[in-house]
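Structure first, commentary second.
The values are calculated or read from the model by the stated rules, or taken from the named source; none is laboratory data. Quantities reported herein were computed from a predicted structural model and do not represent experimental measurements. With ideal geometry, Cβ positions are generated from the backbone for all residues, glycine too; neighbour counts draw on all protein chains shown. Ligands, DNA and RNA are stripped out before the accessible areas are found, and what is left, the full protein with its side chains, is counted by its heavy atoms. Shrake-Rupley method; radii C 1.70, N 1.55, O 1.52, S 1.80 Å.
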Amino acid sequence: MPTTTIRISDPSVDHLIQAAPADSCTTDLAADPWTFDRVPGYGPGSSMGDVIPTGAPRQGELPAEYREAGEDELDSRIRAAKAALGDRAVVLGHFYQREEVVQHADYVGDSFQLANAALEHPDAEAIVFCGVHFMAETADLLSGPAQSVILPNLAAGCSMADMADIDQVEDCWEQLADVLGPLDQPDADGRVPVIPVTYMNSSAAIKGFVGRHGGIVCTSSNAETVLEWAFERGRRVLFFPDQHLGRNTAKAMGVPLERMPMWNPRRPLGGSTAAELEESKVILWHGFCSVHRRFTVGQIDQARAEHPGVRVIVHPECPMEVVDAADEAGSTDYIRRAIAAATEPTTFAIGTEINLVRRLAAQFPQHEIFCLDPVVCPCSTMYRIHPGYLAWVLEELVAGRVVNRIQVTDDVAGPARAALERMLAAKPRA
């Protein structure tokens, strides 16, 4: 299928899917999320290999008045509720949110930026996080005890985050101790055998594990800075849950591939030998992002053939071969800044989530901007946040009721907060 250049004034993926569902990865994407919220799973458009864990949060039924309201009515109700709440509530929106939601956000950004935004509003009574579950957990960890963090749709999870659960990680840690010796004992240089590093896309329980064991959280914006921090303190790093971000970042820092064994939690010693683990520099967890795994070298080759001089930028969650074939790789904010900084009309082929790509195409019409993957397939869990849910939680706040509150238990919150504070201190280079 040929790549198609996006020239749009309306960046709404929601509208595109409804108008031409045959061009999306599944026609079910055209349905409203409440039609499948009560069914276990990540939703239409998710990878068939993404099996949601038993006990994952489920969303109760949205009241009929929100399900039946049209787009214009929901827009008006959201604006009215925000006006009534004023500074009592702040709405955070991730770059990957659908346009109908992100237009109501007080702050739009990637996970690193929104983590900082949560810190900047200590007086707000409520933080409404239009993202996914682990992001709302992070906001709860960083917000004050009197603040309520609200996730408009509890079914908005993350398959990558679910690929590393706390039991698997604890078991991995025990097996590594059997091979490497006590993991909390520093050597003559003051470095311990392993420093755990978790990507922001992980549960609060995993962040708590990392905090208890002297580790740190990273984002795609500051992964290199975080790995430098970890290498100063440990002989090697256990990096989870995204193998691609870990591999791409470490490779760019000069770590040989042969010193980056994969840890498959379903195999003894993760599928490696004791010798391979002893020689390792970065142990990569067997996890990935289903959206970014869709991008291929073939798509890049096709973009270059059809658009001579195209500038290809991909997210570091893409497979290594894709990152190597691209001109640049960087976080969602890096991609946004690279396009904004281009002074001459440029053709960009972007390898990241479609909502951001279409929004950038609308924002910078002087450039030709298209997604490497021609099939419209938004992040299925981000897509669970619908304007109906946003209107509902905001109007409930106006009425004095807090719904869909996300709270991290005290036993997890302390060490998880320590790991996040280390992350916030690890500022990425400009």
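Some notes on this structure:
- Couplings 3J(HN,Hα) for the stretch 79-93, derived from phi with the Karplus relation 6.51 cos²θ - 1.76 cosθ + 1.60 (θ = phi - 60°), are 5, 5, 5, 4, 5, 5, 7, x, 6, 5, 9, 10, 10, 9, x Hz, where x marks Gly and Pro.
- Whole-Hz Karplus values for the stretch 114-124 come out as 6, 4, 5, 4, 4, 6, 7, 10, x, 8, 6 Hz, taken residue by residue from phi with 6.51 cos²θ - 1.76 cosθ + 1.60 and θ = phi - 60°; glycine and proline positions read x.
- Taking the chain, the Cys residues with no second Cys beta-carbon under 4.7 angstrom are 130, 158, 172, 218, 289, 318, 371, 379.
- With the charge dipole of the chain set up from +1 on Lys and Arg Cβ and -1 on Asp and Glu Cβ about the Cα centre, the Cα lying farthest toward the positive end among the listed residues 96, 69, 185 is that of 185.
- For the stretch 246-384, the share of alpha carbon pairs falling in successive 10 Å distance bins from zero is 11, 37, 29, 16, 6, 1 percent.
- Under 21 Å from the Cα of residue 82 - lysines, other chains or at least 8 residues apart: none
- For the chain, built as a Gaussian network whose Cα springs stay under 10 Å, the top-fluctuating residue of 173, 34, 263: 173
- Lys/Arg +1, Asp/Glu -1 at C-beta; the chain dipole; positive extreme among 408, 253, 393: 253
- Using only alpha carbons, the stretch 307-430 has a radius of gyration to Kirkwood radius ratio (Rg to Rh) of 1.08.
- Three principal axis lengths of the stretch 295-375 [C-alpha, angstrom, descending]: 29, 25, 23
- Eligible lysines near residue 281 by straight Cα distance, threshold 24 Å, same-chain separation 8 or greater: 207, 251, 427
- Within a Gaussian network of the chain (alpha carbon springs, distance under 10 Å), most fluctuating of 347, 54, 138: 54
- For the stretch 253-370: accessible area per residue (Å², 1.4 Å): 41
- Assuming charge only on the beta carbon of Lys and Arg (+1) and of Asp and Glu (-1), the dipole of the stretch 169-210 about its Cα centre is about 240 debye to the nearest 20.
- Fraction of accessible area attributable to carbon and sulfur, the chain (%, probe 1.4 Å): 50
- In the context of the full set of protein chains, residues of the stretch 47-117 present 47 Å² of accessible surface per residue (probe radius 1.4 Å, heavy atoms only).
- Spatial separation of Cα centroids for the stretch 340-389 and the stretch 70-108, in angstrom: 20
- Lys, Arg +1 and Asp, Glu -1 on Cβ, resulting dipole of the stretch 150-299 about Cα centre, debye, nearest 20: 500
- Close amide-amide hydrogen proximity is noted between residue 329 and 314, each under 5 Å apart and 5 or more residues distant or on a separate chain (H modeled in the peptide plane; Pro and chain starts excluded).
- Using Cβ point charges alone (K and R +1, D and E -1), the dipole size of the chain about the Cα centre works out to roughly 480 debye.
- Radius of gyration and maximum dimension Dmax of the stretch 66-216, Cα, Å: 19.4, 67
- Ranked by the mean number of other Cβ atoms within 10 Å per residue, highest first, peptides 227-237, 58-68, 295-305 order as 227-237, 295-305, 58-68.
- Placing unit charges on each Cβ (+1 for Lys and Arg, -1 for Asp and Glu) gives the chain a dipole about its Cα centre, and among 215, 17, 59 the Cα reaching farthest toward its positive end belongs to 215.
- Extension gain, residue 266 back to residue 252 (0.36 nm per residue minus Cα-Cα distance, nm): 2.2 nm
- Reciprocal mean inverse distance between Cα atoms of the chain - Kirkwood radius, Å: 22.2
- Largest GNM mean-square fluctuation across 387, 316, 308, computed for the chain with C-alpha springs under 10 Å, falls on 308.
- Shape index of the stretch 119-170: Rg/Rh, with Rg the Cα radius of gyration and Rh the Kirkwood radius from the inverse mean 1/r over Cα pairs, equals 1.05.
- Close amide-amide hydrogen proximity is noted between residue 238 and 195, 197, 283, each under 5 Å apart and 5 or more residues distant or on a separate chain (H modeled in the peptide plane; Pro and chain starts excluded).
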